[in-house]
Each structure stands twice: as C-alpha cells, then as structure tokens.
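In what follows, a structure is listed as structure tokens, so that the remarks can point back to it.
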Amino acid sequence: MNVGQALASTGVVRFGNNGRIISVNGVVIAGNVDLVLRLNGRPIPQTLLYLPVHRGDSVGLELFVTGPRSNDPDAPAFPGQVENNFDELQRLEAEEAQ
C-alpha cells in the first residue's frame with residue numbers, strides 16, 4: 001500500500017484525474033483552502049503519494065484556510081475570506097463524470 005492508497009481507503013479523500021487531492025470530506029482544495037500531507041510527521045509533497053507505507057507508519061492530512069495579511073489595510077475581514085467551495089466541488093465532479 002502507498003500513501004495515496006492509504007488516504008483513498010479512508011473514503012473521505014478524493015483525487016483528480018492528475019492524481020492530486022481535490023477534496024477532503026467535501027472541502028475542495030482550492031482558493032484559500034490548502035493542505036499539508038504528512039508521512040510519519042514529516043511534510044511531503046503530493047508528488048510523493050506513491051511512497052510505500054509500512055506497518056506502524058502514520059499518514060496525516062491537514063487542511064488550513066488562509067486569511068488576509070494583517071498588514072493589508074484594504075483586506076476584508078477574515079470571515080469574509082472563508083469561501084463556501086461546494087460549487088467548486090460540484091464543478092470538479094461534473095468534469096470527472098465527462
């Protein structure tokens with residue numbers, strides 16, 4: 001089993017046609033939503049989803065939302081920056097279905 005297969009086996013991680021993670025539990029990885037993939041506590045890029053996992057290894061996935069920089073006086077308040085990206089998820093699902 002590799003990192004990607006371990007994540008897929010959870011049932012909450014979806015992959016695009018290019019093999020990259022596109023959503024986690026319905027949250028699309030786009031816009032101000034990003035992720036950190038970890039293997040045994042160390043961050044790894046998504047290009048290493050093929051790495052094998054062994055008994056005792058841990059695979060982690062952290063989602064985070066970025067907001068405006070505090071030194072940007074014209075930036076809207078943080079709550080306005082958090083996107084509901086359900087429409088983006090539906091668009092990606094429609095593209096995959098074609």
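The values are calculated or read from the model by the stated rules, or taken from the named source; none is laboratory data. Owing to the predicted nature of the structure, the values given are computational and were not obtained by experimental measurement. All Cβ positions, even for glycine, are placed from backbone atoms using ideal geometry, and neighbour counts span all protein chains on display.
General observations
- If you go through the stretch 1-56 and keep only what is over 13 Å from the mean Cα position of the chain (by Cα) and under 18 Å from Arg91 (Cα atoms), you end up with Asn17, Asn18.
- Val28 modelled with pLDDT under 95, out of contact with any Gly (no Cβ under 8 Å at 6 or more places or on another chain) and either surrounded by 15 or more Cβ atoms within 10 Å (Cβ to Cβ) or of a type in the set (Asp, Glu) (or both): yes
- Count - residues of the stretch 14-38 that are in a strand (DSSP E or B) and under 11 Å from Gly4 (Cα atoms): 4
- First in the stretch 31-51 and without any contact (Cβ under 8 Å) to a residue 24 or more places away in the chain, second anywhere and in a loop (DSSP other than H, G, I, E, B) and of a type outside the set (Lys, Arg), Cβ under 6 Å, 6 or more apart: Asn40/Asp57; Asn40/Ser58
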